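See below for the structure under consideration.
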Amino acid sequence: MGRLRVGSKFRVFAFIILGCVSSFEASCLPAIARETRTCARPAPGGIVAEPHAFRSTSGILNVELTYLNFTAPDGQEEYCYRAEDGSQAPTLRVRPGDLLILHLKNLLSAPGLAKGGSGKPGVSPHAGHEAAEMPAIDAPCASVRMTALSTNLHFHGMSMPPSCHEDDVLRTFVQPGNHPFEYRIRIPPDEAPGLYWYHPHVHGFTNQQVLGGASGALIVEGIEHANSKLAGLPERTFVIRDQELLHPNAQPATAGTVPPPPVFRDAEGDILNTGTGSGKPAKDLSINFVPVPYPDYPPAIVAVRPSERQLWRVLNGSAITYLDLQIVVNGQPQSLGVVSVDGVPITENGMARDRVLWVNHVFLPPGARVEWIFIGVAAGADARLITRSVDTGPAGENDPARPLASIVASGTAAEPQFVLDSAPTPQPRSDSIWLGNIRPMHTRKLYFSEKPADPNDPASPTVFMITVDGQTPAPYDPRRKGPDITVRQGDVEDWVIENRSREMHAFHIHQIHFMLTEWNGTPVDEPFLRDTINVPFWDGKSTLYPRVTVRMDFRSPNAVGTFVYHCHLLEHEDGGMMGTIRVLRGKT
Ligand SMILES: [Cu+2]
């Protein structure tokens, strides 16, 4: 079956190439290729279109997604969620209490993967035992089959039970040949209104799929009821993804005027951080799939009406790339009115209704989201959405400053499809005690660390680990019985998370949110929740490792069950930087 598919795809490519050679038109190949691609993607410099959205009606959202991959002519290994109407990676729009029914059909095929694809297929430390232990066919709810063709969905940030058909990634694996797999999820009535997202989560293979574009936004509507300053604002959704370099052999555009920093690679083949804020990036970025490729970074176009205020919902859906977002207007940073972080309005359960935090840049680790009031730009303004450089540490990936989009104001710009309620009724104040006002009943320490697989060969693949202090460091092993951590529903704990490596890591836990309380031992007053947080890199000599302290909230009944915490740099997660936690049912 796999060979037949390889053959048929090769014939398609041969036809495309031959047809274009005979036409002698430079634009021929991309034009035809786009039509025949399974996962059609826009060209660089294009207008940033809103992702197509499906919105619930009468309390139900019913969506069918087909999951496909494709090796593009430019070598990119692309993955896409395609809806019945042909739209890709649609935004799912629901309201608290709605029923989300999602059928996922896995149509992944082997060609690109068989020849290596774009990722690191060998990163799964468990590849060896799988072939011997895997049954030919297994049930999606009790599967041990984790291969490059397996998939599932994680609903990042949502407070959903870690159960099959809901938000489990430990035993739920959908294979090609399985019937469409049904996710049947009741959105919690108290789910915070904001931006969440969905992506695959098969240990060992998540990086390749997400890097190929497998992600989409999930919006819980109603944020204007938590913050009346948003009343009537048009809204935009921006999904920023990373991907392999479109022009990996190009020299930096600054070559000739400024000597480009040398390119070094880590054991995984990624371009190492230069510490200069410039040079060749480890990955390209895209915004709603419009690529902004190295070395010229032709910005995408975000079209807006002049001076129109909007709500911008921004997701860092990158596999490994950090963002530090800023809007620069006529050379000056513009104020961004942050109203929500990681899907949760920054209102402290309604105690600080209508709060807006005005900042001039937003740091977003992979997986994190932010929603901000965009105050608009005048017609003719020179306005750009950029990401500033991020110093990821000497062992991190290079992440230089670069533009993402030009913001072009024009009276003819299309109005956004979705506009927030202009007269929202205020959301009732939550009965739940604000997490910052709860005394933790337990403190525990975890730490990120890395080592070469062969201690005598620094160039051997990196083993990535997250370890509960006191336990033996080891990469995540799906064969291991029992969780790394056990807590009881209702508990609130403080976790100190250390970084003992020379690169940044982004701590993420499924099912729950947490609150940052200390940064390197210094108390911080951060009046909002997160589900993903950066942990700074170690300088290699300090006697204390960099660390964050986060207050973990296990009060929700939806957290009962076994789920995972991990680094959201997905190459690291695939390489073993993941652990499991079991939340026992609370005492009644
Ligand atoms: Cu990491």
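The values are calculated or read from the model by the stated rules, or taken from the named source; none is laboratory data. In this text the structure is predicted, and so the values were computed from the model without any measurement. Cβ atoms come from the backbone with ideal geometry, glycine included; neighbour counts cover every protein chain shown.
Would it be correct to say that R444 is of a type in the set (D, E, K, R) and in a loop (DSSP other than H, G, I, E, B)?
no
I'd like the full set of residues that are within 16 Å of the ligand (Cβ to nearest atom) and either without any contact (Cβ under 8 Å) to a residue 12 or more places away in the chain or assigned to a strand (DSSP E or B) (or both), limited to segment 552-588.
V564, Y565, H566, C567, M578, G579
Could you check, for segment 197-210, whether at least one of its residues is part of a loop (DSSP other than H, G, I, E, B) and within 12 Å of the chain's Cα centre (by Cα)?
Within segment 197-210, one or more residues are part of a loop (DSSP other than H, G, I, E, B) and within 12 Å of the chain's Cα centre (by Cα).
Select, from P527, P478, the only residue that is within 26 Å of S143 (Cβ to Cβ), surrounded by fewer than 20 Cβ atoms within 10 Å (Cβ to Cβ) and either within 16 Å of the ligand (Cβ to nearest atom) or of a type outside the set (V, I, T) (or both).
The match here is P478.
So R305 passes all but one of these: (1) farther than 30 Å from P248 by Cα; (2) crowded, with 24+ Cβ neighbours inside 10 Å. Which condition number does it fail?
The number of the failed condition is (2).
When P306 is evaluated against the numbered criteria (1) touching a Ser or Thr at 6+ places or on another chain (Cβ under 8 Å); (2) not in a loop (DSSP other than H, G, I, E, B), which criterion, by number, is the only one it fails?
Every listed condition holds for P306 apart from (2).
In contact (Cβ under 8 Å) with a residue 60 or more places away in the chain, of a type in the set (A, V, I, L, M, F, W, C), within 16 Å of the ligand (Cβ to nearest atom) and outside any loop (DSSP other than H, G, I, E, B) - does that describe any residue in segment 534-549?
Yes.
Step by step: first the residues of segment 465-504, then only those that are of a type in the set (S, T, Y) and either in a loop (DSSP other than H, G, I, E, B) or in contact with a Cys (Cβ under 9 Å, 6 or more places away or on another chain) (or both), then the one that is nearest to R444 (Cα to Cα). Which residue is that?
Step by step, filter segment 465-504, then rank; the result is T472.
Within 16 Å of the ligand (Cβ to nearest atom) and in contact (Cβ under 8 Å) with a residue 12 or more places away in the chain: does that describe M504?
Spelling it out, M504 is indeed within 16 Å of the ligand (Cβ to nearest atom) and in contact (Cβ under 8 Å) with a residue 12 or more places away in the chain.
What single numbered condition from (1) part of a loop (DSSP other than H, G, I, E, B); (2) more than 16 Å from the ligand (Cβ to nearest atom); (3) within 22 Å of D469 (Cα to Cα) fails to hold for E518?
(1)
What number of residues in segment 389-415 are over 27 Å from P365 (Cα atoms) and assigned to a loop (DSSP other than H, G, I, E, B)?
The total comes to 6.
Tell me whether segment 454-461 contains one or more residues that are within 16 Å of the ligand (Cβ to nearest atom) and either within 27 Å of the chain's Cα centre (by Cα) or not charged (D, E, K, R) (or both).
Within segment 454-461 (the criterion being within 16 Å of the ligand (Cβ to nearest atom) and either within 27 Å of the chain's Cα centre (by Cα) or not charged (D, E, K, R) (or both)), the answer is yes, since at least one residue qualifies.
Can you tell me which residue within segment 56-72, out of those that are under 18 Å from L100 (Cα atoms) and not hydroxyl-bearing (S, T, Y), is surrounded by the most Cβ atoms within 10 Å (Cβ to Cβ)?
Looking at residues that are under 18 Å from L100 (Cα atoms) and not hydroxyl-bearing (S, T, Y), I get L65.
So which residues in segment 252-279 are crowded, with 19+ Cβ neighbours inside 10 Å and either modelled with pLDDT of 95 or more or not in a loop (DSSP other than H, G, I, E, B) (or both), if there are any at all?
Selection gives I271, L272.
Taking the stated definitions as given, is E498 within 15 Å of the ligand (Cβ to nearest atom), in contact with a Lys or Arg (Cβ under 6 Å, 6 or more places away or on another chain) and within 24 Å of P473 (Cβ to Cβ)?
yes
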